[in-house]
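To start, the structure under review is shown below, and the notes come after it.
The values are calculated or read from the model by the stated rules, or taken from the named source; none is laboratory data. Small disclaimer: the values here were computed from a predicted structure and weren't measured. For neighbour counting, all protein chains shown are included, and Cβ atoms are generated from backbone atoms with ideal geometry for every residue, glycine included.
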Amino acid sequence: MSGRSFLQIPGPTNLPDRVLRAMDRPVIDHRSPEFAQLTEDVRVGLRRVFGTRDGAPMLYPASGTGATEAALVNVLSPGARVLSFNYGLFSGGLGAIARKFGYDVDEVQLRWGQAVTPALVEDKLRADSSSNPYDAVLICHNETSTGVTVDIAGIRQAMDAAGHDALLIVDTVSSLASMEFLMDEWRVDIIICGSQKGLMLPPGLGILGVSRRALAVGAQNGGSPRHFWDWEPIMRENRIGLFPYTPATLMLFGLREALRMLVEEEGLSNVYARHARLASAVRAAVHGWGLSTVCEDPSTASNTITAVRTPAGVDSNELLKHARERYGLSLGGGIGQLSGQAFRIGHLGSLNELEVLGTLGGIELSFADLGIDVEMGSGLLAAQRAFTSAPARVPAFAAAD
Ligand code: PLP
């Protein structure tokens, strides 16, 4: 196929050429002054993205799942009580991982498409009559399987209102660097992330942001048995520019470049505004098609992922297969209980208006090829109108240059 293919899955996302070029270089000595500077630059940039002044970034050659394990085992001891909420594959995954470590997990089942609300968290904490209070509340900020975003500031306020000071551990794998996150202001104790979505890198880094409080809790209660995930040796070695294991050297060069683009050049508030704008055009298109999103409440709709319900009788897997094979357009499938019933459009990372329109156009062509009853052009027109009615703060092309 001539031309480029379209990777519009909900991550991994497209790599800017600059990030690729930054990684296209010889590996350097990871015990050299140059590497120490690279580590420091990356840590400074990550703090900005986390929204923290003194939280500690931890980098693992791993993925988001690895980072989740790292978050849990450093602060929770065997038998720890954990509150979690299942409103999709990844929020459910948090509880499932915690259970495997033998923690006592209390999971609240919601509909996939709902968001966990501050009111629900408050109710659940108030109703807990155990003499052994929860040690941690686990929340997925942006549920990638359903395209639902949770109000993290509100969750911490709800915990305060219930008089509860459990650790707040938040999965930001599909939101960080695309949606505003204010770790200090929202008093989030641990942020869990990976490199392959908003940070515009290939998969391969598991990333944590750890508050001073979480470090102290871990040091005090000892956490669970661990070696690779232990953050104490990482902090000790990072202080002198080293890692306790061989770091993913070239990924760190890519991360420094991505952070320069996001933090220093485009500016985080513009990055978040761009994602909000692209997302509202995608949602306008879904509305134009006459289809519905998996997300039930529009006020919780994600700015990075939209999960769209396919019309009755249409297998979303067939749509995905056709879009990929005929147009080189990769979309996310419905996962878990949504398999066959929904498809997901990733609109995060290095992305601009025309790429969104190309994606929507490819979906419309696929609808038409498969005889799916959606009016051709209805989504594209709605998205174009959304773009023209709300001009960009910064032209996306200049930003992505
Ligand atoms: N959490 C969320 C919200 C995700 O979207 C993903 C992956 O897509 C994960 C966790 C797991 O991360 P990884 O696949 O990098 O291990």
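Data for the structure
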item: Some residue of the range 54-67 being assigned to a loop (DSSP other than H, G, I, E, B), charged (D, E, K, R), modelled with pLDDT of 95 or more and under 14 Å from VAL188 (Cβ atoms); result: yes
item: Number of the exception - PRO233 against (1) within 28 Å of ARG31 (Cα to Cα); (2) within 16 Å of the ligand (Cβ to nearest atom); result: (2)
item: Those residues of the range 86-116 which are more than 22 Å from GLY334 (Cβ to Cβ), touching a residue at least 40 places away in the same chain (Cβ under 8 Å) and among the hydroxyl-bearing types (Ser, Thr, Tyr), in sequence order; result: none
item: Those residues of the range 51-69 which are within 16 Å of the ligand (Cβ to nearest atom) and hydrophobic (A, V, I, L, M, F, W, C), in sequence order; result: MET58, LEU59, ALA62, ALA67
item: Positions within the range 198-222 being among the hydrophobic types (A, V, I, L, M, F, W, C) and either closer than 19 Å to THR172 by Cβ or outside the structural domain of GLU232 (by TED's automatic domain parsing) (or both), in sequence order; result: LEU199, MET200, LEU201, LEU205, ILE207, LEU208, VAL210, ALA214, LEU215
item: Matching entry among SER2, SER77 (being of a type in the set (Gly, Ala, Ser), assigned to a loop (DSSP other than H, G, I, E, B), within 27 Å of ASP165 (Cβ to Cβ) and more than 16 Å from the ligand (Cβ to nearest atom)); result: SER77
item: For GLN337: the one exception among (1) farther than 23 Å from LEU7 by Cβ; (2) touching a strand residue (DSSP E or B) at 6+ places or on another chain (Cβ under 9 Å); result: (2)
item: Residue list for the range 190-214, filter: buried (at least 20 other Cβ atoms within 10 Å of the Cβ), more than 11 Å from the ligand (Cβ to nearest atom) and not in a loop (DSSP other than H, G, I, E, B); result: ILE190, ILE191, LEU208, GLY209, VAL210, ALA214
item: Output for the range 37-52, where each listed residue is crowded, with 20+ Cβ neighbours inside 10 Å and outside any helix (DSSP H, G or I); result: THR52
item: Which listed residue is under 30 Å from VAL44 (Cβ atoms), more than 17 Å from the chain's Cα centre (by Cα), touching a residue at least 12 places away in the same chain (Cβ under 8 Å) and not assigned by TED's automatic domain parsing to the domain that holds GLU180, from ARG277, ARG226, ARG283, ARG309; result: ARG277
item: Residue in the range 179-197 that is farthest from LEU168 (Cα to Cα), counting only those that are of a type in the set (A, V, I, L, M) and in contact with a strand residue (DSSP E or B) (Cβ under 9 Å, 6 or more places away or on another chain); result: MET179
item: Residues being of a type in the set (Phe, Trp, Tyr) and in contact with a Ser or Thr (Cβ under 8 Å, 6 or more places away or on another chain) - total across the range 324-371; result: 2
item: Residue that is surrounded by the most Cβ atoms within 10 Å (Cβ to Cβ), among those in the range 325-361 that are farther than 28 Å from PRO391 by Cα and of a type in the set (D, E, K, R); result: ARG326
item: Residues (of a type in the set (D, E, K, R), over 23 Å from the mean Cα position of the chain (by Cα) and more than 18 Å from LEU76 (Cα to Cα)) located in the range 92-148; result: GLU122, ASP123, LYS124, ARG126, ASP128
item: LEU72 being within 16 Å of the ligand (Cβ to nearest atom) and surrounded by 19 or more Cβ atoms within 10 Å (Cβ to Cβ); result: yes
item: Which listed residue, of PHE228, PHE243, is among the aromatic types (Phe, Trp, Tyr), surrounded by fewer than 24 Cβ atoms within 10 Å (Cβ to Cβ), more than 16 Å from the ligand (Cβ to nearest atom) and part of a loop (DSSP other than H, G, I, E, B); result: PHE243
item: Residue that is out of contact with any strand residue (DSSP E or B) (no Cβ under 6 Å at 6 or more places or on another chain) and not hydroxyl-bearing (Ser, Thr, Tyr), where the choices are GLY51, GLY64, GLY55; result: GLY51
item: Wholly within the range 267-373, helices (runs of 4 or more DSSP H) carrying at least 3 residues that are touching a Phe, Trp or Tyr at 6+ places or on another chain (Cβ under 8 Å) and under 26 Å from SER195 (Cα atoms); result: 353-369
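Let's see how each residue does on (1) among the aromatic types (Phe, Trp, Tyr); (2) within 26 Å of HIS164 (Cβ to Cβ):
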| site | (1), (2) |
| --- | --- |
| THR13 | no, no |
| ARG21 | no, no |
| SER32 | no, no |
| ASP54 | no, yes |
| TYR87 | yes, yes |
| ALA98 | no, yes |
